[in-house]
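The values are calculated or read from the model by the stated rules, or taken from the named source; none is laboratory data. For clarity, every value in this text was computed on a predicted model and none was experimentally measured. Quick reminder, even Gly has a Cβ in these numbers, built from the backbone with ideal geometry, and neighbours come from all protein chains shown.
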Amino acid sequence: MTTPEIPQRSWSQRWHVKGVGWTALLVALLVGSSKMTGVDVGMFFSNFDQFTNLLVRMSQPAWSYVPIIIQPLYETIQMAILGTTIGTVFAVPFAVLAASNLVHNQWLRGIIRLILDLVRTLPDLLLAAIFVAIFGIGSTAGVITLAIFSFGMISKLFYEVIETIDMGPLEAMESVGASKVTIIWYAVLPQIMNQFVSYFLYTLEINVRASTVLGYLGAGGIGVFLQRSLSEFDYNKTAVIILAMLVVVMVIDGVSNHLRRVLL
Amino acid sequence: MNMQTTMTNKPEKPVHLNPWRRWSWLIWLILVAGVYTWAITGLHFTGLQESAGSVSKSIVHGLVNPDWAYVYNGSGEDLVSLIIQTLAIALLGTFVSALISVPFAFWAARGEHEWGHLRSGSGKIVLTLIRTFPEIVLAIMFIKAVGPGSYAGVLAVSIHSIGMLGKLFSEAIENMDRGAEEAIVSAGGNSPQVFMLATIPTIMPEFISYTLYRFEIAVRSASILGMVGAGGIGTPMIFAIQTRAWSRVGIILLGIVVMVLLIDTLSEQLRKRLI
């Protein structure tokens, strides 16, 4: 009986070539990045008193400012609701066309998905800046920005849901000769309605967060007041606005979490 | 014997849904209609500006004819240099944030023998507060501290990302497989050994995967932080929009789209190999 051969580590395993290589790459990238961005830890600490000064001024919120920002806060939520709804309305047909179990034409699906991927790459503030140039300063630009932003996000979430449905009811209806629209209405919709609503609420949460800063570029809502207080160095007002944003975001998150639990 | 083959007692009255269940759809309908009426009547739509038509036309014209000369001119203020700068902000910010997030994650992860979830609960609240604090405001605050430029962008990204990375990391810790830890304990290992030999190797792939995912998001936010002066491609973008230089806007948009698509694909491939 021969002794079994002891497995040998290869040369590259013994010297951890892969691990060392990845680490070296990461370190090189990080060093390059810090050179590029001019990071200077010392400067942050030497200017730290300015930063603490700012924090001290922000820790004394000007509560008298609260009544003034109630109306723009409402506007922010209204923008988010309308934007998300418009985006969803446009997203549904695209989601159906992008789902691989409903549309068997690979070309059509590929083109639709490419469009959706492109839409999703655009940052929301950038869209806001462009729409402010077209529609002027105000909430219209904000609503349209949020609509496009939620269109990209919801259509992806929706087509992924559609792809997970049970195909049984669809085949049953197809075999008795139902039309495409009838199939979608009676076999697809009932299976996905709850998840659609849940994702809609989730997107609404994200849009409420996004719409609080859109106004910074003039697209309506509380962001307009945020920009004003920051440019006037009124940090006690800035503090009130940020606290109000926190409250609004948490209330909306709470309501939407509760609704989602009721639904699912 | 007399077999009874027919049913003599009639079934009771069909069970009615209670009125609340029966009419709940109507209440929902009224609620939703109310919310939408409030939302639509509350906003003042500005409508199209008189110049909207010509502005849109010149935007489309600019987007179709991008300013190719801007791509690279060696000045360090061109598209390629600024895109690399944007990526540098995102990379450095995400890396620093991932390091800071680890202690936050252990703070916010719910322990098995924890009494009343005081520790993890407080950690989760802190992470939510960080997540909700707008990144743009953070960037402006850091600009006051270190001056305008990409350093402020790095700081803003690294602090803001803690909110999301800390949450994802803590969830990974809560759901991790405790097998390796128990094995080291039963072989007589002390707690630093358990941590080094079991906890970290088990949790590392998920941490790296979440960090890559967050990097994708950081690239998007680094590209807009420049709008308030925190470095990267956002600064020339907002200048170009304000001066209505639409062909410049077109080439920058194209640059951002290509950058985001490339980074997303790359990071997705890396994440697939990790898990």
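Selection of segment A:137-151 for residues being small (Gly, Ala, Ser) and either touching a Pro at 6+ places or on another chain (Cβ under 8 Å) or assigned to a helix (DSSP H, G or I) (or both) yields A:139, A:141, A:142, A:147, A:150.
If only residues of segment A:101-113 that are among the hydrophobic types (A, V, I, L, M, F, W, C) and without any contact (Cβ under 8 Å) to a residue 24 or more places away in the chain are counted, the one that is nearest to residue B:44 (Cα to Cα) is A:112. If you go through segment B:76-109 and pick out every residue that is in contact with a Lys or Arg (Cβ under 6 Å, 6 or more places away or on another chain) and free of Cβ contacts under 8 Å to residues at least 24 places away in the same chain, you end up with 0. For segment A:63-84, residues that are surrounded by fewer than 18 Cβ atoms within 10 Å (Cβ to Cβ) and either over 26 Å from residue A:247 (Cβ atoms) or not small (Gly, Ala, Ser) (or both) total 7.
The set of residues in segment B:154-198 that are of a type in the set (Asp, Glu), more than 23 Å from residue B:122 (Cβ to Cβ) and either in contact with a strand residue (DSSP E or B) (Cβ under 7 Å, 6 or more places away or on another chain) or surrounded by 15 or more Cβ atoms within 10 Å (Cβ to Cβ) (or both) contains only B:181.
Residues of segment A:129-150 that are among the small types (Gly, Ala, Ser) and over 20 Å from the mean Cα position of the chain (by Cα): A:133, A:136, A:138.
Of all residues in segment A:244-258, those that are surrounded by 15 or more Cβ atoms within 10 Å (Cβ to Cβ) and more than 10 Å from every other protein chain (Cβ to nearest Cβ) total 3.
Looking only at segment B:217-255, residues that are among the polar types (S, T, N, Q) and within 23 Å of residue A:153 (Cβ to Cβ) come to 2 in all.
Here residue B:159 passes the criteria (1) closer than 30 Å to residue B:82 by Cα; (2) in contact with a Gly (Cβ under 8 Å, 6 or more places away or on another chain) except the one numbered (2). Just one residue in the set B:207, B:215 is in a helix (DSSP H, G or I) and closer than 19 Å to residue B:136 by Cα; that residue is B:215.
Name every residue in segment A:152-198 that is in a loop (DSSP other than H, G, I, E, B) and in contact (Cβ under 8 Å) with a residue 24 or more places away in the chain, in order of residue number.
Scanning segment A:152-198 gives A:163, A:165, A:166, A:167.
Do we have residue B:110 as touching a Phe, Trp or Tyr at 6+ places or on another chain (Cβ under 9 Å) and either outside any helix (DSSP H, G or I) or away from chain A (no Cβ under 14 Å) (or both) here? When the stated conditions are applied, residue B:110 does not pass them.
With respect to residue B:86, is the statement that it is within 15 Å of residue B:219 (Cα to Cα), within 14 Å of another protein chain (Cβ to nearest Cβ) and polar (S, T, N, Q) true? Lay out the reasoning, then the answer.
On the way: within 15 Å of residue B:219 (Cα to Cα): yes; within 14 Å of another protein chain (Cβ to nearest Cβ): yes; polar (S, T, N, Q): yes.
Criteria met by residue B:86.
Taken together, A:80, A:24, A:98, A:62 contain a single residue that is closer than 21 Å to residue A:149 by Cβ and more than 11 Å from chain B (Cβ to nearest Cβ), which is A:98. Among the residues in segment B:140-155, are any within 25 Å of residue A:153 (Cβ to Cβ), assigned to a helix (DSSP H, G or I), within 12 Å of chain A (Cβ to nearest Cβ) and β-branched (Val, Ile, Thr)? No: zero hits. The sole residue among B:250, B:255 that is touching a Gly at 6+ places or on another chain (Cβ under 6 Å), more than 10 Å from every other protein chain (Cβ to nearest Cβ) and touching a residue at least 40 places away in the same chain (Cβ under 8 Å) is B:250.
Considering only segment A:101-110, how many residues are surrounded by fewer than 13 Cβ atoms within 10 Å (Cβ to Cβ) and either in a helix (DSSP H, G or I) or polar (S, T, N, Q) (or both)? Looking only at that region, the number is 5. The set of residues from segment A:114-151 being without any contact (Cβ under 8 Å) to a residue 24 or more places away in the chain and either more than 10 Å from every other protein chain (Cβ to nearest Cβ) or of a type in the set (A, V, I, L, M) (or both) comprises A:114, A:115, A:118, A:126, A:127, A:130, A:133, A:134.
Residue A:212 meets all of the listed conditions (1) under 19 Å from residue A:256 (Cβ atoms); (2) in contact with a Pro (Cβ under 7 Å, 6 or more places away or on another chain); (3) surrounded by fewer than 22 Cβ atoms within 10 Å (Cβ to Cβ) but one, namely (3).
Take the conditions at pLDDT 85 or above, closer than 18 Å to residue B:135 by Cβ, in a helix (DSSP H, G or I) and of a type outside the set (Gly, Ala, Ser) and apply them to residue A:230. Does it pass? No, not satisfied.
For segment A:28-57, what are the residues that are of a type in the set (S, T, N, Q) and either more than 7 Å from every other protein chain (Cβ to nearest Cβ) or touching a Gly at 6+ places or on another chain (Cβ under 7 Å) (or both)? Answer for segment A:28-57, where residues must be of a type in the set (S, T, N, Q) and either more than 7 Å from every other protein chain (Cβ to nearest Cβ) or touching a Gly at 6+ places or on another chain (Cβ under 7 Å) (or both): A:37, A:46, A:52, A:53.
Annotation note: Cβ proximity below 6 Å between a residue of segment B:21-45 that is within 7 Å of chain A (Cβ to nearest Cβ) and a residue that is polar (S, T, N, Q) (sequence gap 6+ or interchain) occurs for B:39/A:78; B:42/A:78; B:43/A:78; B:43/A:139; B:45/A:140.
Are there any helices (runs of 4 or more DSSP H) wholly within segment A:7-100 with 2 or more residues that are in contact (Cβ under 8 Å) with a residue 60 or more places away in the chain, and if so which?
On the way: elements: A:11-14, A:17-37, A:41-46, A:48-58, A:66-98.
Qualifying helices (runs of 4 or more DSSP H): A:48-58, A:66-98.
Of all residues in segment B:161-204, those being in a helix (DSSP H, G or I) and out of contact with any Phe, Trp or Tyr (no Cβ under 7 Å at 6 or more places or on another chain) number 29. Picking from residues in segment B:228-244 that are assigned to a loop (DSSP other than H, G, I, E, B) and surrounded by fewer than 17 Cβ atoms within 10 Å (Cβ to Cβ), the one that is farthest from the other protein chains (Cβ to nearest Cβ) is B:243.
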